[in-house]
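**Q** The structure's right below; bear with me while I get my questions together.
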Ligand code: GLC
């Protein structure tokens, strides 16, 4: 594999990651659901986009209660997506094109159809009983404590036959593994080795904050910030379920396995938390945890120059010495950025994501400016929607298929797509239009690739006032200045270097930014 890396930095520092949601990327079998052969077929798009790594959401055998995040076998491929041979072919094709391949690793819970859980559930004496988190009913009956499922309702379900409750931080069909059991740890670390041995370059580690909830099963306190209309799970502060101390040891154990390989494999952690909580996943001063604990702040940021500037500075200041930053604007769980801030600002956001210091992750469809696609109630798939219908928590609207071409099936499938297709003009049209979002993304990744100042350089805020954020990226002698106009109105601009890239076509007025314009200039 030929990972580009200016300097001697590990490849992933200068890389751009692209998240593929396999159900919605490309179908080749005509069943309306994307598959591995489809990803291989569309690698041209990935390469032309100019990214360095693909992270593929779960492809493992699964009853699909949570669309693959309920794994029934960690070391196989669901027939819906293809075979292990298809997977090997995809890895070979990706590597041949210089792309790294990252898989999704789901260590905190299995499917209730995983053989481990079937055994565990079969009796209290079963050798695998302790592979999951079981607890007796509360003294007066009912669930052992007040913990809530992220999908609504209690985080406990009663197994009538054995009289105990099993823990599930997500669906009842996603029983929580007991990471404290050394056999569970060993089995899960071997899963990592299984895929690393097949050539996988790293993992995105799912829901890691919930990997080791408190053994004392202490009630979570109410969260005073909760208001009616918010998700039920947010009513409690996750004091005893999320980010418990053992979780950081688990990150270290996973990193040691990544370090058994050369070059060392990459681990990206999914943990939603406060800044200090997220930083702890780097592993402290030794940086012996995840190389990249996901930084989700852009997903939640108030879209104003001042809030973005203080967020970036706060994050930069909080990074442990030597830790590498990263940025994310969306994923398969969160509303799409282009819908949230509008199409004009989505171009500014694209420039921000690709010019901040740190490894960016692009969620498939972001490069097309996709917005959430409305899903009629009868077509809802996501448990988040089904458990709280019509309240706006459903994730189907952000998981719709990629529109590749014009036409009713958009080149995605020949059958009925599993979710409606829409959200943006198709790839074919955007590829032919220099003013499209896709064209902008391609120019941004190309510039980033050409300019170590953008991929590896230092960051410094130069100015932030009147809806305009101006910052510097510097690498050695090379100095670039990025200016972003968050307003839908013209704004003065003090910096006047030669323009390398603008979100806008046509002539630029010196000393002024057009409404919603972003520019990268020489310093
Ligand atoms: C992560 C995934 C999400 C899934 C959950 C449970 O947050 O991104 O899609 O529902 O974990 O596995």
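Bear in mind that the values in this text are calculations on the coordinates, not laboratory data. Everything numeric in this text was worked out from a predicted model, so none of it was measured. All Cβ positions, glycine included, derive from the backbone under ideal geometry; neighbour counts span all protein chains shown.
**Q** Compute the distance from the alpha-carbon center of region 365-413 to that of region 209-286, in whole Å.
**A** When both Cα centres are located, 29 Å separates them.
**Q** Same structure again: What percent do you get for the relative contact order of the chain when only Cα pairs under 8 Å and 6+ apart count?
**A** Once normalised by length, the contact order is 13 percent.
**Q** Any idea what log10 I(q)/I(0) is at q = 0.17, 0.20, 0.23 Å⁻¹ for region 115-167, Debye with uniform C-alpha scatterers and no solvent?
**A** Values returned for q = 0.17, 0.20, 0.23 Å⁻¹ are -0.51, -0.69, -0.86.
**Q** If you don't mind, another one. Ranked highest first by average number of other Cβ atoms within 10 Å, how do 425-431, 267-273 line up?
**A** Top of the packing list down: 267-273, 425-431.
**Q** Also: If I take R0 = 25 Å and measure r between the Cβ atoms of residue 256 and residue 88 in this structure, what FRET efficiency does the formula 1/(1 + (r/R0)^6) give, to the nearest 0.05? Walk me through the numbers on the way to the answer.
**A** Details: r = 26 Å, r/R0 = 1.03.
With R0 = 25 Å, the Cβ-Cβ based efficiency is 0.45.
**Q** Sticking with this one: With a 10 Å radius around each residue's Cβ, average the other Cβ atoms per peptide and rank 62-68, 412-418, highest first.
**A** Details: 62-68: 20.4, 412-418: 18.4.
Ranking the peptides 62-68, 412-418 by packing returns 62-68, 412-418.
**Q** Same structure again: Sort all Cα-Cα distances of region 335-389 into consecutive 5 angstrom bins from zero, then give the percent of pairs in each bin up to the one containing the longest distance.
**A** Values per bin, smallest distances first: 4, 17, 22, 18, 14, 11, 9, 4, 0.
**Q** Give me log10 I(q)/I(0) at q = 0.05, 0.11 Å⁻¹ for the chain, Debye formula, one equal scatterer per alpha-carbon, no solvent.
**A** Taking Cα atoms of the chain as identical point scatterers yields -0.19, -0.98.
**Q** How high is the FRET efficiency between residue 159 and residue 215 when r is their beta carbon distance and R₀ equals 22 Å, given to the nearest 0.05?
**A** It comes out at approximately 0.65.
**Q** While we're looking at this one, here's another question. Of 75, 464, how do they rank once you tally other Cβ atoms within 10 Å and put the fewest first? Mind showing how you got there, number by number?
**A** Numbers: 75 13, 464 21.
Exposure proxy ranking, most exposed first: 75, 464.
**Q** Here is a follow-up. log10 I(q)/I(0), Debye, Cα-only region 457-522, no solvent, q = 0.19, 0.23 Å⁻¹?
**A** -0.66, -0.94
**Q** How tilted is helix 245-258 with respect to the longest principal axis of the chain? Cα atoms for both, answer in degrees (0 to 90, nearest 10).
**A** 70 degrees
**Q** Take each of the peptides 199-206, 323-330, 377-384, average the number of other beta-carbon atoms within 10 Å over its residues, and list them starting from the highest.
**A** Numbers: 199-206: 23.5, 323-330: 22.0, 377-384: 16.0.
Descending mean neighbour count gives 199-206, 323-330, 377-384.
**Q** Now, a different point. Give me the angle, in degrees from 0 to 90, between the Cα long axis of helix 182-197 and the longest principal axis of the Cα atoms of the chain, rounded to the nearest 10.
**A** The angle comes out near 40 degrees.
**Q** Send over the per residue convex hull volume for region 10-81, Cα only, as a whole number of Å³.
**A** Given the Cα convex hull of region 10-81, per-residue volume reads 100 Å³.
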